[in-house]
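Here the structure comes first, spelled out in structure tokens, and everything after it is commentary.
Read-outs throughout are calculated quantities, based only on the coordinates presented, and are distinct from any laboratory measurement. All values derive from a computational prediction rather than experimental measurement. With ideal geometry, Cβ positions are generated from the backbone for all residues, glycine too; neighbour counts draw on all protein chains shown.
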């Protein structure tokens, strides 16, 4: 079995990529003044969830548990893909993204109060529509969520009971 086909390797890469993405977003926000919108911060939450599923799957070696955690990671990665697509093609065209689904989810979870430096949106969706190396941030997010989804599928395939 190749190194990238091993469940432990895939789970470690997924966790590293997800937590690294949130770290990169925070560096972009606080070092380069790229302020996030509600959809940006929702994607941070989703990356943290996918990364947590992967980390738990790495720590728990049971095939059945890994299957369930990989499925959870896959479902959240798919929701992240939907969020990134919505941000790019709908929300970024709007001057105000206040009280959107992203806002309501985070407010209901209490994330604005729990960790405002990570989850509090500080820009409108139109203001947050910025590029990195000529590619919109939302598309970078979409690509990483897609890679995580593929990794989760591979973990599910390689840990079949």
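Brief remarks follow.
- Annotation: peptides 44-50, 56-62, 118-124, 33-39, ranked by per-residue average of other Cβ atoms within 10 Å with the highest first, follow the order 44-50, 33-39, 118-124, 56-62.
- Here each label is just a point 7 Å from Cα along the line to Cβ, and for residue 143 and residue 107 those points are 3.4 nm apart.
- Treating each Cα of the stretch 45-123 as an identical point scatterer and summing with the Debye formula, the log10 of I(q)/I(0) at q = 0.15, 0.20, 0.27 Å⁻¹ comes to -0.65, -0.95, -1.23.
- Quarter of Cα convex hull surface for the stretch 79-161, i.e. mean projection, nm²: 7.2 nm²
- Orientation-averaged projected area, Cα convex hull of the stretch 1-103 (nm²): 7.6 nm²
- Each Cα pair under 8 Å and six or more residues apart adds its sequence gap; the mean of these over the residue count of the chain is a relative contact order of 37 percent.
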